[in-house]
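Colleague: Below is the structure I would like to discuss, written out as structure tokens.
The values are calculated or read from the model by the stated rules, or taken from the named source; none is laboratory data. As the structure is a computational prediction, the values presented were derived from the model and not from experiment. Every residue, glycine as well, gets a Cβ built from its backbone with ideal geometry; the counts of neighbours run over all protein chains shown. Calculation scope for accessible area: heavy atoms of the full protein, side chains included, ligands and nucleic acids excluded. Shrake-Rupley method; radii C 1.70, N 1.55, O 1.52, S 1.80 Å.
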Amino acid sequence: MLDLVIAGGEVVTPSGVGVWDVAIRGEEIVAVTAPGVLAGEAARVIDASGLVAVPGGIEPHAHIAAPIVGRGDLQTAPPEQVSRAALFGGTTTLLDFAVVYPGWDIPQAIEERTEVWKGNSYADYSHHVMLLGDIPPQIIGSIHEAVEDGFPSFKIFTTDVRPRASTGDVPRMVRSGHLHDLMTRIQQLNAMLLVHAEEDDMVQHMHHKLTRQGRTHWSNMPLVHSVESEDVSFRRVLRLAEWTSAPVYFVHVSAQSGVQAIAEARADGRPVYGETLHNYCCFSQEDYHEEFGMKYHTYPSLKSEDDRMALWRAIIGGDLQTMATDEYCTSWETKTTGRTISDVTGGHNGVETRMGITFSEGVSRQGMDLQRFVDVTSANAAKIMGLYPRKGVLAPGSDADICLIDPTVKRKLTAEDFHISDYSIWDGYDIEGWPVTTILRGQVVASHGAFNAAPTGRLVPRRIDPAVTIRPAC
């Protein structure tokens, strides 16, 4: 007996796209078959005629219940809020960060995240390990334990992002020597290195220069977090990766120069990957000039219209591998308090809109094929981060995580469409296609505006396929 059949939808699988039925027993997919073959054996049938069935989205880059830099004890939205919004938007798995603060060790950081998430998430989840500043040798020596425990991805910064004196933030920048040693260990352990890549000398120089000149309005962010800074840092990181043979995943690529650096490395057969953000793809630095234009800001910064279009070409054409959000959800008051290049709060509440905006802009307006849509919203993140094939694919044996998208939806988004925070940069945005039903491990958790889920999200241990860390595997 089957528990559920998703019947007659346009189903997207690795082997093709067709009108099929997806059969579910318990928490797993057991078959993808011709229409009508198994529907009579199911306790429940969902008619998906006219809908597109894709794997539940995987958000590879989210800052959840995280300290808001420069805002005292304030934190970004907690797992309850973010995971609920994620399910409404078709995303079923979230990856955030276990931060190794000064004086902490990796197990302590993972334990802190486990306490934050356990019993508080509607979606499934896992954690990257974030390493800050000068990494002690004992930390590098212990990362094998995290890999063995199912946490094989590690994030670093090549910049402090903002002047620390003005924010009270802890040091973030990992210097080249520490980075070399970390890369060497990452390569030995079949792990993945995530890099926020900006050239710190350039970032800090421009902060101080613009402050001296009295040009501190937030619209000058692209001068601080510049295309040149991204280019120089990407190239330096890639040279270190070449020496160490380490795999690298560049987070939030914002400019054409970063795309080009990644493409060149991949053309050489190196295990290099890149993500961009759907807000980078849909807004440009010109949007900073609105009255409350700081609402669009995510670090590094929005770039030019040419860069924006280059990101779309890369996502559709294959030079970038994932569409993420850098989720960093705050209230409108918190988001608009900062007004300068030194105190604007980054990020936005994008986890609910990522799947729908990528479908609307990528598939409906720019002709992205449906298999590529699945790659950038789910499958590639699953492969790179070690969740595949449990997640990121509609196939027998995989978790029954499914998003049904209605491609006929054409309207403007309104405040009533969002289920987190008190604002959205997507309010008023025109959409063409939108998630209408989300299934997590065989349970219908969100459908046509109704929510029916308990906070039973699970921590998912991960193992990265060695093919991903030795060559460009997706």
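Colleague: Restricting the calculation to Cα positions, tell me the Rg (one decimal) and the Dmax (whole number) of region 1-127 in Å.
Modeller: In Å, with Rg to one decimal and Dmax whole: 19.4, 59.
Colleague: Just give me a number: lysine pairs in the chain, eight or more positions apart or cross-chain, with C-alpha atoms less than 18 Å apart.
Modeller: On the way: Lys155/Lys383; Lys295/Lys303; Lys295/Lys335; Lys383/Lys391.
So the count of such lysine pairs works out to 4.
Colleague: Taking 0.36 nm per residue of sequence separation and subtracting the Cα-Cα distance, how much length would be gained by fully extending the chain between Ile470 and Arg215, in nm to one decimal?
Modeller: 87.3 nm
Colleague: Pop out the carbon and sulfur fraction of the accessible area of the chain as a percent, whole number, probe 1.4 Å. Display every interim value, and only then the final one.
Modeller: Working: 8320 of 16890 Å².
Percent of accessible area from carbon and sulfur atoms in the chain: 49.
Colleague: Compute the FRET efficiency between Ser364 and Asp287 as 1/(1 + (r/R0)^6), taking r as their Cβ-Cβ distance and R0 = 22 Å, and round to the nearest 0.05.
Modeller: On the way: r = 22 Å, r/R0 = 0.99.
Efficiency for this residue pair is about 0.50.
Colleague: So how do Glu148, Glu59 rank on accessible area, 1.4 Å probe, biggest first, that is with the largest at the start? Walk me through the numbers on the way to the answer.
Modeller: Working: Glu148 110, Glu59 0 Å².
In descending accessible area the options line up as Glu148, Glu59.
Colleague: Please report the net charge: other residues with Cβ closer than 13 Å to the Cβ of Glu145, K and R +1, D and E -1. Show your work: numbers first, answer last.
Modeller: Values: positive: Arg185; negative: Asp105, Glu111, Glu148, Asp149.
Net charge around Glu145: -3.
Colleague: Using only Cα atoms, find the angle between the long axis of helix 176-188 and the longest principal axis of the chain, and express it within 0 to 90 degrees, rounded to the nearest 10.
Modeller: Relative to the chain, helix 176-188 is tipped by roughly 30 degrees.
Colleague: For region 135-272, count all C-alpha to C-alpha pairs, find those more than 20 Å apart, and express that count as a whole percent of the total. Numbers along the way, then the final one.
Modeller: Numbers: 4679 of 9453 pairs.
Taking all Cα-Cα pairs of region 135-272, the fraction more than 20 Å apart is 49 percent.
Colleague: If Lys and Arg each add +1 and Asp and Glu each add -1, what is the summed charge of the other residues whose beta carbon sits under 13 Å from the beta carbon of Leu87? Mind showing how you got there, number by number?
Modeller: Details: positive: Arg84, Arg354, Arg441; negative: Glu59, Glu80, Asp124, Glu352, Asp401.
Net of charged neighbours comes to -2.
Colleague: Shifting gears a bit: Round to the nearest 10 and give me the degree value, 0 to 90, for the angle of helix 256-267's Cα axis relative to the longest principal axis of the chain.
Modeller: 70
Colleague: In percent, what relative contact order does region 130-172 have, based on Cα pairs under 8 Å that are 6 or more apart in sequence? Could you put the intermediate results ahead of the total?
Modeller: Values: 24 pairs, mean separation 21.2, N = 43.
Computed value for region 130-172: 49 percent relative contact order.
Colleague: Could you provide, to the nearest whole Å², the per residue accessible area of region 114-177 with probe 1.4 Å?
Modeller: Numbers: 2320 Å² over 64 residues.
Result: 36 Å² of accessible area for each residue.
Colleague: Determine the relative contact order of the chain: mean sequence separation of Cα pairs under 8 Å and six or more apart, normalised by residue count, in whole percent. Can you show the working numbers first?
Modeller: Values: 1161 pairs, mean separation 101.5, N = 474.
In percent, rounded to a whole number, it is 21.
Colleague: At what distance in nm do the modelled label points of Gln138 and Glu264 sit from each other, each positioned 7 Å from its Cα along Cα→Cβ?
Modeller: Using points 7 Å along Cα→Cβ, the separation is 4.1 nm.
Colleague: When Rg is the radius of gyration of the Cα atoms in the chain and Rh is its Kirkwood radius, what does Rg/Rh come to?
Modeller: With Rg and the Kirkwood Rh in hand, the quotient comes to 0.95.
Colleague: Report Arg458's accessible area, 1.4 Å probe, all protein chains in place, as a number in Å² to the nearest 10.
Modeller: About 100 Å², ignoring ligands and nucleic acids.
Colleague: Over all pairs of distinct alpha carbons, what does the Kirkwood formula give as the hydrodynamic radius of region 344-400, in Å? Don't skip to the end; give the middle numbers.
Modeller: Details: mean 1/r = 0.0789 Å⁻¹.
Averaging 1/r across every pair of different Cα atoms and inverting gives 12.7 Å.
Colleague: Nearest 10 degrees, 0 to 90: what angle lies between the long axis of helix 200-212 and the longest principal axis of the chain (Cα atoms)?
Modeller: 70
Colleague: Continuing with this model, one more query. About the Cα centre, and with charges only on the beta carbon of Lys, Arg (+1) and Asp, Glu (-1), how big is the dipole of region 65-192? Nearest 20 debye, please.
Modeller: On the way: 10 positive and 15 negative charges, 96 e Å.
Rounded to the nearest 20 debye, it is 460 debye.
Colleague: Can you give the Kirkwood hydrodynamic radius of region 251-410 from its Cα pairs, in Å with one decimal? Intermediate results must be reported in sequence, preceding the final value.
Modeller: On the way: mean 1/r = 0.0598 Å⁻¹.
Over region 251-410, the inverse of the mean reciprocal pair distance is 16.7 Å.
Colleague: Here's a follow-up. Contact order normalised by length for region 1-147, with contacts defined as Cα pairs under 8 Å and 6 or more residues apart; what percent is it? Kindly include the intermediate steps, with their values, before the conclusion.
Modeller: On the way: 256 pairs, mean separation 26.5, N = 147.
Across region 1-147, relative contact order equals 18 percent.
Colleague: Let me check I've understood the local charge: for Val52, count other residues with C-beta under 12 angstrom from its C-beta, Lys and Arg +1, Asp and Glu -1. What total comes out?
Modeller: Values: positive: none; negative: Glu10, Asp369, Asp406.
Within the 12 Å Cβ shell, the charges total -3.
Colleague: About the Cα centre of the chain, what is the dipole size in debye to 20, counting +1 per Lys and Arg Cβ and -1 per Asp and Glu Cβ, all else neutral? Working shown, then result.
Modeller: Working: 40 positive and 60 negative charges, 105 e Å.
The calculated dipole for the chain is roughly 500 debye.
Colleague: Using unit Cβ charges (K, R positive; D, E negative) and no other charged atoms, how large, in debye to the nearest 20, is the dipole of region 237-371 about its Cα centre? Mind showing how you got there, number by number?
Modeller: Numbers: 11 positive and 19 negative charges, 46 e Å.
About 220 debye.
Colleague: Something else: To check my understanding: the extent here is largest minus smallest coordinate of the Cα atoms along each principal axis. What are those three numbers for region 348-474, in Å, largest first?
Modeller: Over region 348-474, Cα extents along the principal axes are 44, 37, 28 Å.
Colleague: Would you mind giving the average projected area, over all directions, of the Cα convex hull of region 53-191 in nm² with one decimal? Walk me through the intermediate numbers first.
Modeller: Working: hull surface 37.5 nm².
Its Cα hull, projected and averaged over all orientations, spans 9.4 nm².
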